[in-house]
Amino acid sequence: MTLTSLRAFAARQGFNVVHEVYDLTSLHVPARRRAGWRTVERVITSRRAAGLVAPAANHISAVPAQQSALRRWLLSVSAFAAYLDDVRKTAHRRPVAADRLERHQSYTCSPNELGTLRNDARTHLTLVGWPGDLATAIQVLTCLTHIPVARAPLAGTASSAAILRLTVTEREELVIELQAPQACTDRAAASLTARSLTQARLLGAEISCGLSDGARATTVRARLRPSSPDHRVRSAGRRWR
């Protein structure tokens, strides 16, 4: 795997490359003891870049525990990781029928896992190459995830878990669908839900709501259209929240 391949991959994703690193140190050496990885850390923590592109996680470290530590660190600094091998695996999957939604991924949403959820969603949208504004999409997703947090008193059982579904349609529209427990009677929770939906609309999302699962749950759907060509280039130095 060469830097040229990674540079081409980054360009296809719409990223601006701000720094390149090629480290010949053995991957069994802890990352923080490798000059190349320390450079990557400095670039990301200084917000000169919003994330990293690599062939695969095991090209950063061969030790599973260090790969887990990398994931936690990326979450802590709100950065993303895009791996070329993941995109290649996706490209070899069996294509879906033309009249079906093309790509989707679901997550269980709980108050303690919202940071992981946002990072996974950002990575997923990066890998599928959604051409819209990722920063706005993650902000809308965050607005929707406030809904199950507001209904936290209902949590604690499997039936109360909120499910988030991301879908990219053939028109390249992003549909963020959240199925959460039915609204509770607490006014503060209802107020937070209303504010969250209003903020999502202000960000440009089309919002619709309805009952599901035998009226035991509420489904909130946010639809975002892809950006115009002039706005598709996402700066790697831009901070995503």
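The values are calculated or read from the model by the stated rules, or taken from the named source; none is laboratory data. Small disclaimer: the values here were computed from a predicted structure and weren't measured. Cβ: placed from backbone, ideal geometry, glycine included. Neighbour counts: every protein chain shown.
Within region 164-181, residues that are surrounded by 19 or more Cβ atoms within 10 Å (Cβ to Cβ) reach partners that are part of a strand (DSSP E or B) and hydroxyl-bearing (Ser, Thr, Tyr) with beta carbons closer than 6 Å, at six or more positions or on different chains, in the pairs LEU164/TYR107; GLN179/SER212; GLN179/THR219; ALA180/THR218. Any residue at all in region 25-40 that is surrounded by fewer than 15 Cβ atoms within 10 Å (Cβ to Cβ) and either in the same structural domain as LEU127 (by TED's automatic domain parsing) or within 29 Å of ASP133 (Cβ to Cβ) (or both)? Yes, region 25-40 has at least one match. Among the residues of region 82-98, is any of a type in the set (A, V, I, L, M), modelled with pLDDT of 80 or more, within 28 Å of LEU166 (Cβ to Cβ) and not in a loop (DSSP other than H, G, I, E, B)? Yes, region 82-98 contains a residue that is of a type in the set (A, V, I, L, M), modelled with pLDDT of 80 or more, within 28 Å of LEU166 (Cβ to Cβ) and not in a loop (DSSP other than H, G, I, E, B).
Checking LEU70, LEU24, LEU75 one by one, the residue that is assigned to a helix (DSSP H, G or I), among the hydrophobic types (A, V, I, L, M, F, W, C) and at pLDDT below 80 is LEU75 and no other.
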